[in-house]
Amino acid sequence: TFCAIFNIYVLTILLPKGPKGESEPRYREWMLWLDLTIVLVLFLATKADTNTMMYGMSCTVCLMLHFMNPNIGGTTIGTYESPIPYVHWDGETTVTMLTTIAGCVLAIIATVFPRPLLNIRNVHSDAEEIIKGIDQIFTEAIHYWAGSSSGPKRYAVYAKMKLLNTAVRRVKQNLADSYWETFDQCNYGKIRKLYGLLYHAIERNSDEVYLLKASTNNLNFDGEGSIHAEIVKQVREPLYRLKTSAINTMKQCGKACKDGDISQEERASILMWRKELQMAQQDLSSKFQHVTETSSQLCSEAIAAESLFVFSISKWAQESADFALEMFSFEETYAAVHSEYGFINFWKIAFDQLMSTFDPRVAFSKGQMHYVFVNLMPVLLTFAISMNVSGSVFERYGSTMPSLLTLLVSKEHGIAFITNAQRLTGVVFGHTLPLLVMSGISMMDCDSTLRFVCHMASIFTFFFMFTFMYYASDQWSSVGCLIAAYGVFPLFVRCDPDATVDYGSHYKDIAQVIIAIMLKICFSNVFSRAEPRDDAVHLLKQLNESAKKAFAAFFEGKIQGEDGLQGLREAMYNKFSELETLCPKTDPSLAIVPGARTPFKTALLEAALGHYRLILSDLDQLSSAMTGHGLKQNPGASAAEKEAAIQLQIETAKQEEALFSIMQSQKAWTTVKADLTETIDVTFSLLEVVLNHCSEEPLKADQAEKLARLSKVNKLDGLTDFYAQVSEQLTKELDHRAHSDFFHASGEVRLITQLRRTRLTVVMNALSLALKHSSSISAACFDHIIYE
């Protein structure tokens, strides 16, 4: 609003009398058109919040139409002077600005009183609930793993895992929104930063959650006397102890976040629980090594699921320990980058946000320029109609059509017709329903108490219904919002016994609304770059390429960096997120008139995305196993402890190189690599072909024939031989334990996440699962192939 009003002030200073013909010789209409276009392009091109951008554009269009109107042009800023230079009490710009501020103030008051509805008040209780949920998930997972038979209980754990990820995303968004409630003043900046660290740590645990799912889904309960039963007997209690220590560490860190100040007592408590966690890690590692050595199962397929389960618990606990160190050193870290004066931090954040909002790299990107064009052209066209057309349903210099389209700016992709049809419904009902309400109320006398009661009840009921619809409905929220917004003016009408309702003007407005939205629909469809199904297939190809490159990087021993396993896995995840967002929009039921192509196989894409998420988890397993997870250095460590930590880091880096050398030196490694690479390539290509197939002709794909020729498609070739070869090599090294599975320089038993035997087992389990999940994609494809 301020930008729109500032623009009018600048124009008024340059052209004081506006379009007054000869009295203002400097007036050129094309200059105002250029100004309007530039302002709207800047609004659309920025990264500003959509609602902020739409309201600013709406004010700009309305004020520009009034300024360019010869009957009132040049008077929009008023004549009744105020103490502020160039600001006049009777100016339209002043009234607009003041009413906007008054509306914002009332909205804030309604949020704070009588019961504060603030996000910042809920962050602590949200953190406690999420930590409680994590505790429940890991407790139930250990209980299921330690059981004697498989059962449906694991599916309840999986459901809770999914709900946990959803809750973390929601709470993180609430924490981000709380900035506008506090502006990080007083101690709220530290509180928000601390809870941000907590939620980030919890989010990092999502990888371990998927590892738990993978391990419990592949457990083999062989009964009493089996290797699974023996491992459970030895490590169950250490697992529970480690889980309890990790949860207590997170709980203590959560308590320390509450007031934004981490006292010395809280720091000591955090370190105490972290030390308990480290001791539990040592105990678990010692017991697990003992049971695998005594059973001669150093690295085998028989203990793959058990190794993965113990590995995931250990890695999750170690990440909790790392978070505890972040909390321990928070005060020093925060003070180093933040001023003790809150207003200085506020201006730093404001400047960073301003630079981010007007980032030219985003504003002038190809995709953003297309978005600007599609949304700008209907606004300019309706603006031109309002400037030049009078008669029929049109009113010259009326702002109904262009201002409406500025409020319907959208980045909806490919389903513009459905979206715009819903908008049309909302706007039309917003114009007509209040008329029906007021037609009944107008039959009562103006002085009637009954009229007052009915009018008040109607207003309350109307806005309660449609605001509730806005907040409660996923599909129809925008319709409820538009009905409530456009119903404001018709409902708040002063009773005048001598006045008659001009229904004709209202129906003209409705006709203009329909025309404007139809123009919007035409532009959206004509200039749409592609249908959602085409974009989905294109994104799928990019996703497949990222996945292939990630596995290729692993097989080449590249783990770190953008071109390594971790960087390529992140690229794959980004494409996966885009495709997951786009998938619902490919639903053929959203098409108004189906074209010549057969309906898109949305069900197949949804099923494939579920398997891709598991493949991402497999890549996480590979990354975790190859990098391990050593202990972070205690900020208060002694010189000897620091030296030991440095040596440990050096040893860990060597272990990563040695791990790949061990795998690469095995004869079966080439077979494993070839089988997984071929299976992934064939199944991914088959999925692309099946989704691309859009005719009734039978599909004849070479990929399907290749897949049919593959033997044991769910079993990784060379897996058994690889385990045997690695186990033989590790057995020979048991006599040299100081150089293999123990690090005597620090006097500690290696963590589960540092053991080569465990890491090798996790790697092979991940490769085996990756083949299985890829094969599941091909199975889904065969259900959607058209056969002869």
Please verify whether R494 is of a type outside the set (D, E) and assigned to a loop (DSSP other than H, G, I, E, B), treating the condition exactly as stated.
yes
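Can you find a residue that is open to solvent by 70 Å² or more (accessible area, probe 1.4 Å), among the hydroxyl-bearing types (S, T, Y) and touching a helix residue (DSSP H, G or I) at 6+ places or on another chain (Cβ under 8 Å) anywhere in segment 467-486? Break it down stepwise before answering.
First, the residues of segment 467-486 that are open to solvent by 70 Å² or more (accessible area, probe 1.4 Å): 468, 470-471, 474-476.
In the following step, the residues that additionally are among the hydroxyl-bearing types (S, T, Y) were identified as 470-471.
Okay, now just the ones that are also touching a helix residue (DSSP H, G or I) at 6+ places or on another chain (Cβ under 8 Å), so 470-471.
Yes; the residues of segment 467-486 include at least one that is open to solvent by 70 Å² or more (accessible area, probe 1.4 Å), among the hydroxyl-bearing types (S, T, Y) and touching a helix residue (DSSP H, G or I) at 6+ places or on another chain (Cβ under 8 Å).
Are any of the residues in segment 504-522 on the phi > 0 side of the Ramachandran plot, modelled with pLDDT under 85 and among the small types (G, A, S)?
If we filter segment 504-522 for residues that are on the phi > 0 side of the Ramachandran plot, which is where we start, we get none.
Looking through segment 504-522, none of the residues is on the phi > 0 side of the Ramachandran plot, modelled with pLDDT under 85 and among the small types (G, A, S).
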From I247, I344, I313, which residue is β-branched (V, I, T) and either free of Cβ contacts under 8 Å to residues at least 24 places away in the same chain or open to solvent by 10 Å² or more (accessible area, probe 1.4 Å) (or both)?
I344
So is Y9 at pLDDT below 85, farther than 30 Å from G367 by Cα, part of a helix (DSSP H, G or I) and among the hydroxyl-bearing types (S, T, Y) or not?
yes
Evaluation of I344 against (1) farther than 13 Å from L755 by Cβ; (2) modelled with pLDDT of 90 or more (one fails), failing number
(2)
Please work out if F330 is in contact (Cβ under 8 Å) with a residue 12 or more places away in the chain, within 30 Å of T419 (Cβ to Cβ), of a type in the set (F, W, Y) and open to solvent by less than 20 Å² (accessible area, probe 1.4 Å).
no
State all residues of segment 656-687 that are surrounded by fewer than 19 Cβ atoms within 10 Å (Cβ to Cβ), more than 35 Å from the chain's Cα centre (by Cα) and of a type in the set (S, T, N, Q); if no residue qualifies, say none.
S661, Q664, S665, T670, T671
List every residue pair whose Cβ atoms sit under 8 Å apart, with the two residues 6 or more apart in sequence or on different chains, where the first one lies in segment 188-203 and is part of a helix (DSSP H, G or I) and the second, anywhere, is open to solvent by 20 Å² or more (accessible area, probe 1.4 Å) and aromatic (F, W, Y).
K190/Y334; R192/Y179; K193/Y334
Output for Cβ contacts, cut-off 9 Å, separation at least six or different chains, first residue open to solvent by less than 80 Å² (accessible area, probe 1.4 Å) in segment 575-590, second small (G, A, S) and outside any helix (DSSP H, G or I), reads L582/G414; K585/G414; T586/G414; L590/G414
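Quick grid of which residues meet (1) touching a strand residue (DSSP E or B) at 6+ places or on another chain (Cβ under 6 Å); (2) in a helix (DSSP H, G or I); (3) over 24 Å from I521 (Cα atoms):
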{"position": "S356", "(1), (2), (3)": "no, yes, yes"}
{"position": "V428", "(1), (2), (3)": "no, yes, no"}
{"position": "G440", "(1), (2), (3)": "no, yes, yes"}
{"position": "C446", "(1), (2), (3)": "no, no, yes"}
Within segment 121-138, tally of residues that are open to solvent by 30 Å² or more (accessible area, probe 1.4 Å), more than 26 Å from Q185 (Cβ to Cβ) and touching a residue at least 24 places away in the same chain (Cβ under 8 Å):
3
Selection count where residues are open to solvent by 40 Å² or more (accessible area, probe 1.4 Å) and either at positive phi or at pLDDT 90 or above (or both), scope segment 594-606
2
Does A141 count as of a type outside the set (D, E, K, R), open to solvent by 50 Å² or more (accessible area, probe 1.4 Å) and either part of a helix (DSSP H, G or I) or within 30 Å of P238 (Cβ to Cβ) (or both)?
no
Matching residues, segment 104-120, being loosely packed, with under 11 Cβ neighbours inside 10 Å and assigned to a helix (DSSP H, G or I):
V105, L106, A107, I109, A110
Could you tell me which of the residues V372, V393 is modelled with pLDDT of 85 or more, open to solvent by 30 Å² or more (accessible area, probe 1.4 Å) and among the hydrophobic types (A, V, I, L, M, F, W, C)?
V393
Being under 26 Å from the mean Cα position of the chain (by Cα) and buried (at least 18 other Cβ atoms within 10 Å of the Cβ) is the filter here; which residues of segment 512-530 pass it?
S524
Meets criteria (without any contact (Cβ under 8 Å) to a residue 12 or more places away in the chain and of a type outside the set (G, A, S)) for V389
yes
Being more than 30 Å from L769 (Cβ to Cβ) and in contact with a Leu (Cβ under 7 Å, 6 or more places away or on another chain) is the filter; apply it to segment 179-214 and report the residue that is most open to solvent (accessible area, probe 1.4 Å).
E181
Is it true that some residue in segment 149-165 is free of Cβ contacts under 8 Å to residues at least 12 places away in the same chain and farther than 30 Å from V232 by Cβ?
no
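Looking at this structure, is C495 more than 21 Å from A107 (Cβ to Cβ), modelled with pLDDT of 90 or more and open to solvent by less than 50 Å² (accessible area, probe 1.4 Å)?
Working: more than 21 Å from A107 (Cβ to Cβ): yes; modelled with pLDDT of 90 or more: no; open to solvent by less than 50 Å² (accessible area, probe 1.4 Å): yes.
When the stated conditions are applied, C495 does not pass them.
The values are calculated or read from the model by the stated rules, or taken from the named source; none is laboratory data. If you're wondering where the values come from, they're calculated on a predicted model, not measured in any experiment. We place every Cβ from the backbone using ideal geometry, glycine too, and count neighbours over all the protein chains shown. What goes into the accessible areas is simple: the full protein's heavy atoms, side chains included, and nothing from ligands, DNA or RNA. Shrake-Rupley method; radii C 1.70, N 1.55, O 1.52, S 1.80 Å.
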